[in-house]
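First the structure, in the form of structure tokens, and then the observations on it.
Since every read-out is calculated from the coordinates, none of them should be taken as a lab result. Since we're looking at a predicted model, the values are computed, not measured. Using ideal geometry, Cβ is built from the backbone for each residue, glycine included, and neighbour counts are taken over all protein chains shown.
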Amino acid sequence: MGKKIESYYTSDFSSEFTTENYSVALWKGTGVFSVDTINYAYCGYHILFLSPYQKLRLLSESDEKVSILFFHGDYYCIEYHKEEVACNGLLFNNIYLNPAIELTKENYAYILELFDHIKQEESEKHPFSESIIKTYIQLILAICSKQKSSIEGGLMSTEKIPNKNASEFQKLLETYYKTEKELTFYSSRLNITNNTLSKVVKKEFAKTPTQLINERVILESKKLLHLTYRSVKEIASELGFDDEFYFSRYFKKSVGYSPKNYREKVGISVVAKMSM
């Protein structure tokens, strides 16, 4: 598997897109985008970070181009730099927030310029290109991390989750997602009906409780497949599946590939070697 980096530009992104690499999409305008079939409205300047085999669809109301940067996880290993640029849980892994980051016009223009620099370095391929490109990627991640931290900091200080049941559901899910995957468990713990829980969660997170449960399990599955050498059977057991084959079907339904094929395509990160 090549550990290359490349840029991709298109003015028509109405079809679904997925890749085995990490990707960064940059665009402006007004419309709707979806990640893993969940729709989000947008207006203004945005950047979106996707992990391997997340599904993106963008429907723009204008003719603005979308700029996309792909890089293999080991080309610029986000786990090595998670403290430095706060990627872990901030840019890639928060299932409860709109995944896109709204940028200022100035940051949008600057990151677009960095995309162009990366494309130029990739085409020239001189001895220092790889180091320069990694520096550009780090800068993009750091800028967006700062931007999103600022946005989330403001929300946390002024707009905590207003609905107590939605907030408690989030806490319960983070505690029990490995062992409890049925909606009834969570509604019973909160002493409300399934219908009531579904309504409040959908209103707060724009996703149903079942969608969030599934996303949380799949997110952890991907991390374990990519960042460890554990067998599929061991991963299935850790995530509360008694049957390895049922886990494989569960994973394939969401991702489009079996856990085995996903690992073959994405690879096992260099980080996994550190824990051997």
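Within the set 28/199; 105/222; 148/222; 178/252; 146/253; 134/252, which residue pairs have Cα atoms separated by over 27 Å? Long pairs (Cα-Cα over 27 Å): 28/199; 105/222; 146/253; 134/252.
What is the gain in length, in nm to one decimal, between residue 175 and residue 138 on full extension, counting 0.36 nm per residue of separation less the C-alpha to C-alpha distance? Walk me through the numbers before you get to the answer.
Numbers: separation 37, 0.36 × 37 = 13.32 nm, distance 3.20 nm.
Fully extending the segment from residue 175 to residue 138 adds 10.1 nm.
Note on residue 196 and residue 233: the model spin-label points, each 7 Å out from Cα along the C-beta direction, lie 4.5 nm apart.
Rounded if a/c is under 1.5, else prolate if a/b beats b/c, else oblate: with a ≥ b ≥ c from the C-alpha gyration tensor eigenvalues square-rooted, which is region 125-241?
Numbers: a/c = 3.65, a/b = 1.45, b/c = 2.51.
The shape class here is oblate.
Using the average count of surrounding beta-carbon atoms within 10 Å as a protection proxy, the listed peptides 96-104, 188-196 rank, highest first, as 96-104, 188-196. In order along region 202-209, phi translates into HN-Hα couplings of 4, 5, 7, 10, 6, 9, 7, x Hz, rounded to whole numbers, per the Karplus curve 6.51 cos²θ - 1.76 cosθ + 1.60 with θ = phi - 60° and x for Gly and Pro.
So how do 39-46, 230-237, 66-73 stack up, highest first, on mean other-Cβ count within 10 Å? List each step's numbers first, then the result.
Details: 39-46: 15.4, 230-237: 17.0, 66-73: 21.1.
Taking the mean over residues of other Cβ atoms within 10 Å, the ranking is 66-73, 230-237, 39-46.
Arrange 135, 30 by Cβ neighbour counts within 10 Å, fewest through most, would you? Mind dumping the intermediate values first?
On the way: 135 16, 30 12.
By the 10 Å Cβ count, ascending: 30, 135.
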